[in-house]
1. If the Cβ limit is 9 Å and pairs must be 6+ apart or interchain, which residue in the range 151-163 that is over 15 Å from VAL134 (Cβ atoms) pairs with which residue that is surrounded by fewer than 23 Cβ atoms within 10 Å (Cβ to Cβ) and not charged (D, E, K, R)?
2. Inspect the range 323-333 for any residue being surrounded by fewer than 19 Cβ atoms within 10 Å (Cβ to Cβ), part of a helix (DSSP H, G or I), in the same structural domain as GLY112 (by TED's automatic domain parsing) and at pLDDT 65 or above and give the result as yes or no.
3. Which residues, counting only those in the range 177-199, are hydrophobic (A, V, I, L, M, F, W, C) and within 19 Å of GLY118 (Cα to Cα)?
4. If you check ASN4 against the conditions, is it modelled with pLDDT of 75 or more, in contact with a helix residue (DSSP H, G or I) (Cβ under 8 Å, 6 or more places away or on another chain) and either farther than 25 Å from GLU283 by Cα or among the hydrophobic types (A, V, I, L, M, F, W, C) (or both)?
5. Got a sec? Which of VAL189, VAL265, VAL203 is under 22 Å from LEU124 (Cβ atoms) and in the same structural domain as VAL138 (by TED's automatic domain parsing)?
6. Under 8 Å between Cβ atoms, at least 6 apart or on separate chains: pull out the pairs that start in the range 80-108 with a residue that is more than 12 Å from LEU187 (Cα to Cα) and touching a residue at least 40 places away in the same chain (Cβ under 8 Å) and end on any residue that is assigned to a helix (DSSP H, G or I) and among the small types (Gly, Ala, Ser).
7. Kindly indicate which of HIS264, HIS237 is under 16 Å from SER91 (Cα atoms) and either hydroxyl-bearing (Ser, Thr, Tyr) or assigned to a helix (DSSP H, G or I) (or both).
8. I'm trying to understand the selection: among the residues of the range 106-146, which are within 21 Å of GLN207 (Cβ to Cβ) and aromatic (Phe, Trp, Tyr)?
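The values are calculated or read from the model by the stated rules, or taken from the named source; none is laboratory data. Please read all numbers here as calculations on a predicted model, not as lab measurements. Cβ placement follows ideal geometry from the backbone for every residue including glycine, while neighbour counts extend to all protein chains displayed.
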Amino acid sequence: MFDNLSEKLQRVFKNLRGEGKLTAENMEGALREIRMALLEADVNFKVVKLLIENIKVKAMGEEVLTALSPSQQVVKIVHEELIKILGSHESKLRFANEPPSVFLIVGLQGSGKTTSTGKLARWLSRNGHRPMMVSVDVYRPAAREQLKVVAREVGQPIYEGAPGETLPADLARSARRESANTGRDVLLVDTAGRLHIDDQLMVELQQLKAQLNPVEVLFVADAMTGQDAVKSADEFHKRLGITGVILTKMDGDARGGGALSIRHVTGQPLKFIGVGEKFDALEPFHPDRAANRILGMGDILSFIEKASEQIDQKKAVEMQRKLIENDFTLEDFRDQLKSIRKLGPLSSLMDMMPKVGMLKDLKDVKVDEKEIGRVVAIIDSMTYHERDNHMIINGSRRRRIARGSGTSVQEVNQLLKQYAQARKMMKSLSGGFLGRKFGKMKMPAGFPFGDLPGPPGR
């Protein structure tokens, strides 16, 4: 997410740092590079123009040009302007005073409406709501069956329709009545799409909106389509009046032009982003966190939130104790790997890490998700005593473990060697920095390997 843009902007800032002193001339050169980076990231040209103008006004001021660290001042200005373009603050969902709140899910065919409906239902259920879904797409073959499968996957109810209900308006009306009767507080209406915008589609959506009076009209767009997604969102807003956008496939979009453009062009906020295929891969959109990612600062807050949802706090505290006391077994190692897998694809987790200092090379790391599976399989093939004490694993045991896990003896040897090295490192740390700092500090909950120390001075 934003990888290409982030890399190019960091190069610009690095060049500025190398100048020693900021002048009007090298600032103009930097602005040209920033403009090119934004355009190559498929950001709407009007948005690029506005961003560059705002950055130039602030960056060419006397305060910046005479600052002790002018390049840092420029980074700060770019950060502030990116947040403004992205929406300044998180835009939360709205709910009706009297349930059920109706959310109309709209968009072009293939944008991911049905999957996003399921993801949103799951997110709502995890955040104190009781959603119900209904598909009013009576045109595309098996569209309603698809939502039924999605509903089963996320464990949320769906209104399937009574015999003879074949019109979108009838299905929507009955679904709202059913959700009210069964105590559901949100009704998600998955609407029909087209390959392109046409009058018939818009008339139907306008009729549904008039009938249901939804509190949210959420436009679902595919981030991979870049400015086409922005144009479609703008057209839907002019014809229908959308209240927000869900941008799907953000994990596969290295440019990020759609995310940077959509709010300014439509005037409506980006509310959620889809960051993977799984039904838990839907995140509320935070403009400040997105700006952090674009500038290589990472998104530690999102990482903490994701970890807090998945990691058992008691286990995290116990793991912290084991790390400090060097009592970390192969079984603990396996459990930690499983915990990390719950957080989602490793590539998306590394995307949340700051690309500075000792972590600056993370962007070049290629993650093999299958490797975790192989390691877990190897440890699962061990007996309890072998997992508890790796020193008893001799040659014959290694051959048995390799056969049982479908791996080679060399892979078993490699795992045991890496584990022994990790234990040795933890032992040396436990009497030093780790024991002094980590052992006495209460740290934020949710990290797979215990906790991390808070920022200096707190």
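1. Once the first residue is over 15 Å from VAL134 (Cβ atoms) and sits in the range 151-163, its partners that are surrounded by fewer than 23 Cβ atoms within 10 Å (Cβ to Cβ) and not charged (D, E, K, R) give GLU153/PHE279; GLY155/SER125.
2. The answer is no, given that none of the residues of the range 323-333 is surrounded by fewer than 19 Cβ atoms within 10 Å (Cβ to Cβ), part of a helix (DSSP H, G or I), in the same structural domain as GLY112 (by TED's automatic domain parsing) and at pLDDT 65 or above.
3. Across the range 177-199, the qualifying residues are VAL186, LEU187, LEU188, VAL189, ALA192.
4. The answer is no for ASN4.
5. Residue meeting the stated conditions: VAL189.
6. Close Cβ pairs satisfying both conditions: LEU82/ALA290; LEU82/ALA291; ILE83/ALA291; LEU86/ALA259; LEU86/ALA290; LEU86/ALA291; GLY107/SER232; LEU108/SER232.
7. None of the others qualify; the one that does is HIS264.
8. TYR139
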